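The values are calculated or read from the model by the stated rules, or taken from the named source; none is laboratory data. These numbers come from a predicted model, not from an experiment. Heads up, the Cβs are rebuilt from the backbone with ideal geometry, glycines too, and the neighbour counts pull from every protein chain shown.
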Amino acid sequence: MMKNLKKNLKEVGKSLNQLARQIEQMTKEVEMVEKAKAPKSLKAKAKTSPKSISKKRPKKGMKASAAQTILALIKRSKKGINNVTLEKKTGFNNQKIRDNIYRLKRRGEIKTIERGIHLAS
């Protein structure tokens, strides 16, 4: 009886592994179809990475990026700055500030000292 049970378990395990491989293959095929159907504007956005945000100051007459503006305000504050203050000073909406805070934290340029209070690293 134990031998039959072990044999059945091995068969089920093999079947599950085979199904997992089939699912992976189908997922790859779906991704390829989605990439082929995606408009060119989405394809261009997919290729850009968050690291492509320039760390340099903009040239004279050019506007600074949102990340540069937020980082400059955070660097100026000695005790840290919260999102509400950043909203007031920049005029950006909350989502734009949160997205840029996330990118800056991921790059290691800022850190969060308390919930919602950010400080330059």
Does Ala66 meet the test of being in contact with a Phe, Trp or Tyr (Cβ under 7 Å, 6 or more places away or on another chain) and either modelled with pLDDT of 85 or more or outside the structural domain of Arg106 (by TED's automatic domain parsing) (or both)? yes
What pairs can you find where one residue is in region 93-121 and more than 19 Å from Arg76 (Cα to Cα), the other is surrounded by 12 or more Cβ atoms within 10 Å (Cβ to Cβ) and among the small types (Gly, Ala, Ser), and their Cβ atoms are less than 7 Å apart, with a gap of 6+ or different chains? Lys96/Ala66
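Listed residues Leu71, Leu104, Leu119, Leu86; which is modelled with pLDDT under 95 and not in a helix (DSSP H, G or I)? It would help to see each step written out before you state the result.
Working: Leu71 fails: not in a helix (DSSP H, G or I); Leu104 fails: not in a helix (DSSP H, G or I); Leu86 fails: not in a helix (DSSP H, G or I).
Exactly one of Leu71, Leu104, Leu119, Leu86 is modelled with pLDDT under 95 and not in a helix (DSSP H, G or I), namely Leu119.
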